[in-house]
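For reference, the structure discussed in these notes is given below.
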Amino acid sequence: MKTKERFLRGPLLCWDIYAMYLTEQTTNFNRETELDTLKAFKEKFNWSLNIEKLFTDKDFEALILTDNNQHIQWVNKGFTKMTGYPANYAKGKKPNFLQGEGSSEQTKRSIRKNLNNGKQFKEQIINYKKDGTPYNCEIEIFPIKDNNDKTIHHLAIEKEIGM
């Protein structure tokens, strides 16, 4: 998938102001790149989900795209930053590799049930970073349907929240 070339630019008036500007521009650049990647998936698989609306309404750190069998197809850079796992390690695995002894069995059952129901839902679960550190993760999962209304992917929007 090819993405558009973008350049980060800003006025150099003061290093503090420039650093704030560059940070904001970098965040916007990353979001646009993620949006472009998801638009390419949307086009390839004929998704009916409005990706643009999703991006304007949600606050997240990590994005995880799985197929209908819950195998990870793509993760954003925020996933690596949040979990410590590189994208190439996560691809092909199921997201439950992030779970561990502190992950609630009841929450895991709820997630499985909601995935099978094919509805959008939100849950909180204790996940584990690559170094073994637990973190409280808020997950919102969107079933992604094709033009025939068949769920073919799931998109998880995740952020770390206080323990």
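The values are calculated or read from the model by the stated rules, or taken from the named source; none is laboratory data. Not measured: the values here are computed from a predicted model. Glycine gets a Cβ as well: all are built from the backbone with ideal geometry, and neighbour counts include every protein chain shown. To get the accessible areas, we keep the full protein, side chains included, count just its heavy atoms, and leave off ligands, DNA and RNA. Shrake-Rupley method; radii C 1.70, N 1.55, O 1.52, S 1.80 Å.
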Among (1) more than 21 Å from LEU35 (Cβ to Cβ); (2) open to solvent by 30 Å² or more (accessible area, probe 1.4 Å) - the single one ILE125 does not satisfy: (2)
Extreme residue, surrounded by the most Cβ atoms within 10 Å (Cβ to Cβ), among residues of segment 64-107 that are farther than 17 Å from GLU140 by Cβ and of a type in the set (A, V, I, L, M): ALA90
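Conditions (1) touching a strand residue (DSSP E or B) at 6+ places or on another chain (Cβ under 6 Å); (2) at pLDDT below 85; (3) farther than 19 Å from LEU115 by Cβ, marked per residue:
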site: GLY10; (1), (2), (3): no, yes, yes
site: LEU35; (1), (2), (3): no, no, yes
site: ASP57; (1), (2), (3): no, yes, yes
site: ILE64; (1), (2), (3): yes, no, no
site: ASN69; (1), (2), (3): no, no, no
site: TRP74; (1), (2), (3): yes, no, no
site: PHE79; (1), (2), (3): yes, no, no
Pick from segment 110-163, criterion closer than 15 Å to GLN99 by Cα and part of a helix (DSSP H, G or I), ranking: nearest to the chain's Cα centre (by Cα): ILE111
Qualifying residue in segment 81-97 (condition: farther than 21 Å from GLY162 by Cβ, under 17 Å from the mean Cα position of the chain (by Cα), at pLDDT 95 or above and part of a strand (DSSP E or B)): no
Residues of segment 108-118 classified as surrounded by fewer than 12 Cβ atoms within 10 Å (Cβ to Cβ) and of a type in the set (D, E, K, R), total: 2
Segment 109-127 residues that are closer than 16 Å to ASN69 by Cβ, paired with ones that are acidic (Asp, Glu) and surrounded by 14 or more Cβ atoms within 10 Å (Cβ to Cβ) (beta carbon under 6 Å, 6 or more apart): ILE111/GLU123
